[in-house]
Each structure stands twice: as C-alpha cells, then as structure tokens.
Amino acid sequence: MKNTIWELQLKIYKYTILLMILIIICFAIFIPDPLPFILGLIFSTLISMLNFRNLALTMKKAVNMTPRRAQVYASSHYFLRFFITGIVLYISIRAEYLHLFGAVIGLLLIKVVIFATNLFNDTSYFKRIFARKEGK
C-alpha cells in the first residue's frame with residue numbers, strides 16, 4: 001500500500017513538473033519579459049508540491065490516531081499549509097522579481113494535475129460517452 005501511495009505522488013509530481021515546463025515555454029514565447037512570471041511559477045509550484053507532500057504525510061500519520069487527536073492534528077496542518085500559501089502570495093506581491101499571476105498559476109498547478117489525472121483515468125466514463133447508440 002505504501003508503495004502505491006508513493007508511486008501516485010511521484011506520478012502527480014512528474015505531471016506537475018511537465019505541465020510547469022510547458023507553461024514556462026509558453027510564457028517564454030508569448031510574453032515580453034517573462035522572467036518574473038517564470039520565477040513566480042517555479043517558486044509557487046515547488047511550494048505547492050511541498051504542501052502536497054505535507055498533506056500526504058499528515059494523512060498517513062492521522063490515520064493511526066484517535067479521532068479527536070487526528071482531527072486536531074489534521075486541522076493544525078491544514079492551517080499550516082494555508083499559512084504557507086498566504087506567505088507565498090505575500091512574497092509574490094512584495095517581491096518585484098516574482099509575478100503574482102505566475103505564483104497563482106503555480107499554486108493551482110498541482111490541483112489541476114490531480115483533477116486531470118482523475119478525470120482521464122476513468123476510461124469507462126469515456127466509453128459510455130462515446131459509445132454508439134444502436135437502433136432498437
């Protein structure tokens with residue numbers, strides 16, 4: 001079970017990095033002076049990946065706790081991740097070398113990857129959509 005969870009995390013990290021590289025290439029081609037966008041994207045994507053890892057470790061540890069203790073533990077780590085996200089946005093607003101739009105995209109990138117991998121993972125869903133309807 002542990003290897004399966006770790007493999008899923010690695011798959012999500014891999015797709016997140018690939019999507020980040022694709023977005024960096026698009027920024028580099030289509031935006032004048034893309035460096036602040038790219039730095040904001042890289043900075044926030046890496047923090048987002050660390051937050052995701054923290055979430056995985058938190059859930060792994062909380063499963064073995066009593067319900068009340070697990071709730072307190074998971075909630076405190078949720079607020080820690082929320083606080084870290086706020087710090088990333090604050091730094092992106094204050095630092096001239098980071099662009100806020102790139103940082104927001106980076107923070108959302110791992111969520112998009114998780115959504116997309118789960119959406120396209122269910123092949124039976126697409127088979128039902130594209131199945132030909134035969135005559136009665």
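For the stretch 14-55, the candidate set comprises residues that are under 19 Å from VAL88 (Cβ atoms) and among the small types (Gly, Ala, Ser); within that set, the residue that is nearest to the chain's Cα centre (by Cα) is SER48.
Results for (1) at pLDDT below 95; (2) in contact with a Cys (Cβ under 8 Å, 6 or more places away or on another chain); (3) assigned to a helix (DSSP H, G or I); (4) farther than 27 Å from SER76 by Cα, shown as yes or no for each residue.
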site	(1), (2), (3), (4)
THR45	no, no, yes, no
SER48	no, no, yes, no
ALA56	yes, no, yes, no
ASN64	yes, no, no, no
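When the stretch 1-20 is filtered for residues that are more than 13 Å from ALA56 (Cα to Cα), surrounded by 12 or more Cβ atoms within 10 Å (Cβ to Cβ) and without any contact (Cβ under 8 Å) to a residue 60 or more places away in the chain, only ILE17 remains.
The values are calculated or read from the model by the stated rules, or taken from the named source; none is laboratory data. Note that the coordinates shown come from a computational prediction; the quantities given were computed from them, not determined experimentally. Don't worry about glycine lacking a Cβ; one is built from the backbone with ideal geometry, like all the others, and counts go over all protein chains shown.
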